[in-house]
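Have a look at the structure below before the remarks.
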Amino acid sequence: MPVLLLFAARAILPRLGLRRLHEMKITTKRKIGFAILTLAAIVAVWVALLAASARRPDCLVTVSIIVITNDASGTRQATFRLANAGGHAVTIITSFRLENRSGKWRTNLVPARTMTISTNLIGDLPFRSQSKRLGPTESFEVTLSLPFDDQGWRASFGYLESRSELQDALHDLSKLTTKIGLTKKRNRQEGLVTAYTGWTDE
């Protein structure tokens, strides 16, 4: 009887070992397949994000004139809307500029904390802080005096892109993939950018 058990064990054990080896191979293949699918999914998501960002600029502020009125002193005032039309947050800096055609100003109506240089009036926006941050799709309105009689004029406002750490990482990755030729170079606005209204007489 012990001899029969020994022969049976010798016959069964190799089969068990082969089965175990076969199962290990299947498990390894499954793990490799899962890793490949995961990597493909990550690449697909990354490509989709790049495509979406290509359709929408990272950094863009639009400015529009909402209404022009007169205050109690008869000075014209314009209310502007500044809107973040980009995919990243932006920081609106405090200074603004008004530009007219003639360079003539009603000096007695020029607001405090402003200065005129030829056809330009430069001043500070009425912020409580040193700047104003706008997230994507956010906007704000500001009213400024127009101390001149020209019908042709425009306004401009400066802003900076404000990226999160993740957006900084994606920005660096995008520059790397552009450098090695995986993606096309995009026109990016770096540093201080200016948003303009159109000339009101055009």
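Filtered by the rule that a residue be modelled with pLDDT under 85 and not aliphatic (A, V, I, L, M), segment 54-70 gives Arg55, Arg56, Pro57, Asp58. Would it be correct to say that Ser156 is in contact with a Ser or Thr (Cβ under 7 Å, 6 or more places away or on another chain) and either more than 26 Å from Glu202 (Cα to Cα) or polar (S, T, N, Q) (or both)? The answer is yes for Ser156.
Yes or no: segment 125-141 includes at least one residue that is more than 28 Å from Leu60 (Cα to Cα) and either hydroxyl-bearing (Ser, Thr, Tyr) or in the same structural domain as Gly191 (by TED's automatic domain parsing) (or both).
no
Residues of segment 132-165 that are in contact with a strand residue (DSSP E or B) (Cβ under 8 Å, 6 or more places away or on another chain) and over 22 Å from Glu99 (Cα atoms): Lys132, Arg133, Leu134, Gly135, Pro136, Thr137, Glu138, Ser139, Glu161, Ser162, Arg163, Ser164. Filtered by the rule that a residue be basic (Lys, Arg) and over 28 Å from the mean Cα position of the chain (by Cα), segment 55-89 gives a lone residue, Arg76.
Only one of the numbered conditions (1) of a type outside the set (Lys, Arg); (2) part of a helix (DSSP H, G or I); (3) modelled with pLDDT of 90 or more is not met by Leu170, and that is (3).
The values are calculated or read from the model by the stated rules, or taken from the named source; none is laboratory data. Just so it is clear, the structure is predicted and the values come from calculations on it, not from any experiment. Here Cβ is always computed from backbone atoms with ideal geometry, including for glycine, and neighbour counts include all displayed protein chains.
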